[in-house]
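Report on the following structure.
The values are calculated or read from the model by the stated rules, or taken from the named source; none is laboratory data. What you see is a predicted model; the values in this text were computed from it and never measured. Heads up, the Cβs are rebuilt from the backbone with ideal geometry, glycines too, and the neighbour counts pull from every protein chain shown. Surface accessibility is based on the protein's heavy atoms, side chains included, excluding ligands, DNA and RNA. Shrake-Rupley method; radii C 1.70, N 1.55, O 1.52, S 1.80 Å.
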Amino acid sequence: MNAQKKKKTIKTIKIDVEKCNGCRACEVICSAFHSSPKYSSNNPAKARIHVICDAVRNIYVPVYAGEYTAAECMGRDKYVIDGKEYDECAFCRASCPSRDRFKEPDTGLPLKCDMCESDPDLKEPWCVQWCLADALTYEEREVEEEEEERPEELEVGLEALIDKYGLDNIVETLARLSEAKEE
Amino acid sequence: MRYAETGYNLEVDLTKGSIEKVATDPELTELHLGGLGTNAKIIWDRVPPEVEPLSPENVLIFSSGLLCGTPAVGANRTIATTISPQTRLLAFSMMGGFWSPELKFAGYDKVIITGKSPSLVYLWINNDKVEIRDASHLHGKGALETATMIREELNEPRAQVLAIGLAGENSVYYASVEHGRSSASRGGVGAVMGSKGLKAIAVRGTKEINLARPEEFLKLCNDILDYIQVRVQNPIKGVPAILSLIGSPQEMAIHDEKWHTTSFAWGHARQRRKDFWTKERAEEWKRTQDQRVERLVSCFNCPMKCGAIISHPELPTHRYMMKCYSKLTYVMAAMADDLDFGFKIAGIAQEYGLDGYTTPQVMAFAIELYEDGILTDEDLPDFPKDNKERFYYLLHKIARREGIGDILADGVYWAARRIGKGAEAYDHNTTKKHEQMVIKLGMLNPIYYIMYATGEKMSITQIEGQMPQAPLPKDYREEFVKDWIHPPTGKEEKFKEFILKWEPRGEYAFPFWPPPDLICELVEWQEYMHYIDDCTGICAGLSSFPLKPPYHIHNLPLFISYGTGLDIDEDRLWEITHRNRNLVRAINARLGLRREDEKPPEDHWKKRFPEYEAKLLDEYYKFKGWNKEGIPTKETLEKLGLGYVAEELIERGVLTEDGDSSTPEGASAGDKSTEQ
Ligand code: SF4
Ligand code: SF4
């Protein structure tokens, strides 16, 4: 990969867990926005934000979907904050094989927060706009940094499929499908 | 494709242990929308009046609303419908939270339960996989505790659970169905669930709900969110603080309880304590509340935060979620002055799965009977001296139906009759056999008179709304009507004029003003907005209940149309609501509801006007197209496409052949005594 100096906008969503009221509006609007056509359906299981809610322990933590990883990690983490013990991997953003969080429920394809990328840009990502509790706030700042090119969504998806079914299977299926299409 | 709804119901027969996924008829959506409307249709078709409420033949429906699971803000209500063991009429109890959106994501609009399981079970709905599972290990467990245990054993933290506690298992007539954040409390829905041997329903869904016109729909949702932000910054002026905002009453956030503690009645709905709210009390209560409330919480997809996580070190579960006014119902009924008692006992009662409105009243009733010698030490062995201790004592007995608890578990109306010895005279705050709001007032309010008399929802808070409850101070009237866009088309001017003219005394004051035709319209409007919410699943706290809510009769048709793809304008929505209202009334008429049952509690107002009240009721019945007994006429029913309902009512002799008057010997609702 070729690296070069680039001006870049860092987009951050600041999460204030104290303010979260567990309404899951962020999940709703995220999944609606990412459905196609836009807003045509709603399914929080496909959201790229996931609010961990456990009222009995007073735990409310929104977590955003991060990178896809082909393998689960070697260790597991478990946090205790303010005497409250959180579930294993509770704060992990990865879409990984050890669990079904941040995967499309039917296809298993990985999901990742894209800050509601759209053309034209939204004033703020949708989850931030719909979080009237101000648990989510949006910040942008400019930085100059070496940048690596990131694989596109299709590539990440394909990679996940290859991990799941093996390269040969995917190639075969693709060949069969394109033949069928041509007929 | 079906939009907004899934188009499937889940039919569960617990006697046979069968589960079936059944496609629904889209025409029913056009006729009744969903939620309460389609529930009523099912009850009419399947539950004849001979069915005993606690028998396997009764049907228990947990329904989502038509818009639940869509991005419509606050569309999250579950509408539980069955025949109530207490009122022996239709019970339609609602709850917020997260359950019904999850049910939609699992691919169902309703769960319809019939039969009776031979042993205690729970239902686990995981998308297409649905199982009836053994619940013998959950016997006697608290409602919240049950939910936690089920989530753990299924290893599914995202499962949404509704459950009954011990009171439901023992079919206490006012047992609730609890769902952590909320509960379906009224009418004994939990008792019916318990009688079926069903402890809980857990659901997890990961499928989509589709929208017919997505872009337009989203625009409406964004408008609602924008409006909410403006509205919360602009409380209505000239009304008590608690009524100035939106959401369900913001009991968890506010500390100022002057209005409730000084205007509502304490004890067994007997006395007002006009000087209760002192500065010291205010400070002490604030300290207690701040100590107990850990976080304010919302329901699914709603920014309003009407509930709270309460922590109390003396509770076995340590934490629970409280909503609304239950922080005060126990405190006031027990004549206890400390708020902490309320936080503690409400937590215990919730685990038992008991209605937070009825339960305290029943217990206060028992204490009154004891103090007046009607109940004795024999009925109440080792009865403590202190009122708070007495409440715990009674609570434990009621949930177990133990000793006197077995009688009290039927509610004030039935208990008074079983106890006898003059106890009937103490049944002063029920309507249609159900405990009412603990308010005792001076002058008859003709609008509330009609609502209390004819309401079938048992709770005035689910009938009233959108209108100030008393005349506004002069200075605020103009400002109030200026942006009051909420009245239905064609009625704006009339309703605004009413607000402007309405005075506490004089020519434009209650009881003989406003004129009956306007009273009828105001009542119908208030009640119908609730009926619409009960179909869409939108929370009354954002719609039919508060002043100037975000949802109203002008944008609701758009939400429904853009969501479902049907073409429903204001007129059609009104017509559907007429249909649903009349169907509910017909079900209750078939169950025996008659004019003589339509009475507010006798002492609700000091100043009553029997002749005038009778005339008002006549006018209202006429306005509704009901006969002298309050039964929809054949003509009314036929106009709404409910000819089959009229036919059956005639066949059963509820309406006579000419279809507009009932048999004079029509029995009163629930006169049949219940088998214990
Ligand atoms: S929208 Fe905000 S308050 Fe609601 S769950 Fe998401 S982060 Fe929490
Ligand atoms: S207004 Fe309150 S009760 Fe209603 S949905 Fe919102 S948070 Fe729940």
Determine which member of the set B:E456, B:E527 is charged (D, E, K, R), touching a strand residue (DSSP E or B) at 6+ places or on another chain (Cβ under 7 Å) and open to solvent by less than 10 Å² (accessible area, probe 1.4 Å). B:E456
Select, from B:I242, B:I224, the only residue that is within 16 Å of ligand 2 (Cβ to nearest atom), over 22 Å from the mean Cα position of the chain (by Cα) and either among the aliphatic types (A, V, I, L, M) or not assigned by TED's automatic domain parsing to the domain that holds B:S100 (or both). B:I224
Selection status of B:A72, over 24 Å from B:S195 (Cβ atoms), small (G, A, S), touching a strand residue (DSSP E or B) at 6+ places or on another chain (Cβ under 8 Å) and open to solvent by 10 Å² or more (accessible area, probe 1.4 Å): no
Residue check for B:I439: open to solvent by 10 Å² or more (accessible area, probe 1.4 Å), over 24 Å from B:R88 (Cα atoms), out of contact with any strand residue (DSSP E or B) (no Cβ under 9 Å at 6 or more places or on another chain) and at pLDDT below 95: yes
Quick check: anything in region B:282-293 within 30 Å of B:A167 (Cα to Cα) and within 16 Å of ligand 2 (Cβ to nearest atom)? yes
Has region B:169-178 got at least one residue that is within 14 Å of chain A (Cβ to nearest Cβ) and either free of Cβ contacts under 8 Å to residues at least 24 places away in the same chain or under 18 Å from the mean Cα position of the chain (by Cα) (or both)? yes
Among residues of region B:462-504, those that are surrounded by fewer than 17 Cβ atoms within 10 Å (Cβ to Cβ) and of a type in the set (S, T, N, Q), counted: 2
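Here's the yes/no breakdown for (1) open to solvent by 70 Å² or more (accessible area, probe 1.4 Å); (2) more than 16 Å from ligand 1 (Cβ to nearest atom); (3) modelled with pLDDT under 95; (4) part of a loop (DSSP other than H, G, I, E, B):
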{"site": "A:R93", "(1), (2), (3), (4)": "yes, no, yes, yes"}
{"site": "A:R99", "(1), (2), (3), (4)": "no, yes, yes, yes"}
{"site": "A:E117", "(1), (2), (3), (4)": "yes, yes, yes, yes"}
{"site": "A:K123", "(1), (2), (3), (4)": "yes, yes, yes, yes"}
{"site": "A:Q129", "(1), (2), (3), (4)": "no, no, no, no"}
Which of the residues that make up region B:75-97 are open to solvent by less than 10 Å² (accessible area, probe 1.4 Å), within 26 Å of B:P549 (Cα to Cα) and not in a strand (DSSP E or B)? B:N76, B:G96, B:G97
Restricted to region B:198-207, and to residues that are in a loop (DSSP other than H, G, I, E, B) and open to solvent by 10 Å² or more (accessible area, probe 1.4 Å), which residue is nearest to the other protein chains (Cβ to nearest Cβ)? B:T206
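One line per residue, one yes/no per condition, for (1) modelled with pLDDT of 95 or more; (2) open to solvent by less than 10 Å² (accessible area, probe 1.4 Å); (3) of a type in the set (S, T, Y):
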position: B:A364; (1), (2), (3): yes, yes, no
position: B:Y370; (1), (2), (3): yes, no, yes
position: B:W414; (1), (2), (3): yes, no, no
position: B:A425; (1), (2), (3): yes, no, no
position: B:E435; (1), (2), (3): yes, yes, no
position: B:N445; (1), (2), (3): yes, no, no
Residue check for B:F545: crowded, with 18+ Cβ neighbours inside 10 Å, away from every other protein chain (no Cβ under 14 Å) and either away from ligand 2 (no atom under 16 Å from the Cβ) or not β-branched (V, I, T) (or both): yes
Just one of the numbered conditions (1) touching a residue at least 60 places away in the same chain (Cβ under 8 Å); (2) in contact with a Gly (Cβ under 9 Å, 6 or more places away or on another chain) is not true of B:K141; which one? (1)
Does any residue of region B:316-331 turn out to be open to solvent by 10 Å² or more (accessible area, probe 1.4 Å), out of contact with any Ser or Thr (no Cβ under 9 Å at 6 or more places or on another chain), outside the structural domain of B:A147 (by TED's automatic domain parsing) and farther than 23 Å from B:S185 by Cα? no
If we scan region B:280-288, do we find a residue that is open to solvent by 10 Å² or more (accessible area, probe 1.4 Å), away from every other protein chain (no Cβ under 14 Å), away from ligand 1 (no atom under 16 Å from the Cβ) and within 29 Å of B:I407 (Cα to Cα)? no
Among the strands (runs of 3 or more DSSP E) lying completely within region A:1-89, list those that include at least 2 residues that are within 16 Å of ligand 1 (Cβ to nearest atom), open to solvent by less than 70 Å² (accessible area, probe 1.4 Å) and more than 26 Å from B:F105 (Cα to Cα). A:4-15
Going residue by residue through region A:61-76, is there one that turns out to be among the aliphatic types (A, V, I, L, M) and within 12 Å of the chain's Cα centre (by Cα)? yes
Of everything in region B:295-315, what is open to solvent by 10 Å² or more (accessible area, probe 1.4 Å) and within 14 Å of ligand 1 (Cβ to nearest atom)? Give them in sequence order. B:R295, B:L296, B:C299, B:C302, B:P303, B:M304, B:K305, B:C306
